Every structure is written in structure tokens, then in C-alpha cells.
Amino acid sequence: MLLHLHKKNKEHMRKLFYLIPVAFALLTSCSKEDSGKPIQSQTFEVNSTGSTTWKYFSCAKNDTIVVADPLNSTEWDLAFQRYRIKTNGGKSGSGKGSVANSYLKGQAGFDALKVVPDTATFTVDESISIAVQQGYATYIVNPEIYTWFTIELAPQGTQIVPSDFIYIVKTNDSKFAKVWIKSYYSATNASGHITFQYKYQPDGSKIIE
């Protein structure tokens with residue numbers, strides 16, 4: 001009887017030792033599969049028509065948010081006022097936001113940018129002089145992403161035309177998104193409606209494909 005129980009226990013232990021590595025392998029493969037899920041491309045239109053107010057955007061929430069104290073808030077990543085854009089870093093906020101220009105362009109460039117290069121140079125927000133109707137005025141913006149447009153003459157007057165650069169945005173908490181600003185006009189041709197396509201990597205890695 002005792003010998004029979006001993007054999008049964010040994011057999012039970014052998015099964016446990018077999019099942020443990022199998023279970024571990026399954027858990028590991030699931031974890032790898034989950035972490036390898038592709039991030040989704042989003043397109044968003046910001047109504048930034050106000051010339052004295054800023055619209056604050058969160059990549060994590062894929063939406064504009066209301067921010068009571070922008071300088072001390074770590075909730076927002078980008079802010080828009082007409083054609084001017086801020087990040088949550090430098091003189092604009094207490095976050096770790098900044099921007100690097102990949103110098104790739106358009107949809108082909110957006111698709112080609114898969115990893116944040118180790119050589120990317122990130123710029124924080126600072127005061128720059130910007131041309132306005134009355135001459136020049138000083139604004140705190142991100143000077144790197146300010147290259148997102150050019151001003152061109154058109155039959156109906158001057159037009160803001162996207163430069164089509166693909167930018168790498170570092171968010172307020174040091175995560176990454178690639179951003180392509182595609183338009184300054186709404187479907188009804190109203191100015192101050194910035195449409196941009198982006199991919200945000202929530203896991204903190206440099207993979208943005």
C-alpha cells in the first residue's frame with residue numbers, strides 16, 4: 001500500500017514538473033504577443049481658431065482636454081493656437097515634452113519611420129519672434145515643429161501649406177509619437193483647423209511603426 005502511494009506521488013510530481021515549464025512557456029508567448037501588437041494610426045482635427053486661447057491635446061487620450069494650469073500640468077502633450085504649436089516642456093510646461101524632425105515627408109515618410117533614431121535631436125519650447133499682421137510678436141512655442149508649414153501666395157490670398165515633415169514628439173512623460181500635420185483648413189475651408197495623423201507608443205519604447 002505504501003509502495004503504491006509512493007509511486008503515485010512520484011508520478012504526480014513528474015506531471016507537475018512537466019506542466020510548470022509548459023505553463024511558463026505559454027505565459028511568456030502570450031506576453032510577447034501582447035507587447036508586439038501594432039500601435040494604431042490616429043487622425044485628429046483640432047479647432048484652434050482662437051488667437052488668444054490654446055487647445056491642449058493628450059496623445060494617451062486621443063483628444064483635446066481642459067487644462068487649468070498648463071505650466072504645472074502633466075496631462076497634456078501638444079497645444080495649438082492657430083498655426084502655433086507648443087509641447088509640454090521647456091518654457092511651456094513642467095513635462096518632458098520636446099520635438100525632433102525626422103526630415104522624412106508625407107505618407108511614405110510616415111510609414112518609413114518605424115523607430116526613434118538614437119541620433120534624433122530633440123528641441124524644447126522657447127520664446128521666438130513670429131510675424132503677425134502688426135509686425136512681429138514673441139510667442140513661446142516649439143521652434144522645431146514650427147517648421148510644419150510655409151506661407152504661399154494663392155488667388156484668394158496667402159495660404160498656409162503643410163511642409164509634410166514627419167516629427168517625433170516626446171510626450172510629457174517621455175513617451176514617443178510620430179506626427180504628420182496634414183492640413184490647416186477644415187472641410188469648409190475655415191482656417192485654424194489643424195488636422196494631423198499620428199502614432200503614439202504607450203509602452204515607452206522607441207518603436208513607432
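Looking only at residues of segment 94-111 that are within 14 Å of CYS59 (Cβ to Cβ) and of a type in the set (Gly, Ala, Ser), we find that the one that is surrounded by the most Cβ atoms within 10 Å (Cβ to Cβ) is GLY97. Taking the conditions exactly as written (modelled with pLDDT under 95 and outside any helix (DSSP H, G or I)), does ILE140 satisfy them or not? The answer is no for ILE140. Taking the condition surrounded by 14 or more Cβ atoms within 10 Å (Cβ to Cβ) and modelled with pLDDT of 50 or more, does LYS61 pass? No: the conditions fail for LYS61. Among the residues of segment 36-94, those that are in contact with a Ser or Thr (Cβ under 9 Å, 6 or more places away or on another chain), among the polar types (S, T, N, Q), assigned to a strand (DSSP E or B) and under 18 Å from SER183 (Cβ atoms) comprise THR43, ASN47, THR64, GLN81.
Restricting attention to segment 154-196 and to residues that are assigned to a loop (DSSP other than H, G, I, E, B) and surrounded by 22 or more Cβ atoms within 10 Å (Cβ to Cβ), the residue that is farthest from the chain's Cα centre (by Cα) turns out to be ASN172.
The values are calculated or read from the model by the stated rules, or taken from the named source; none is laboratory data. Because the structure is a prediction, the values reported are computed rather than measured. With ideal geometry, Cβ positions are generated from the backbone for all residues, glycine too; neighbour counts draw on all protein chains shown.
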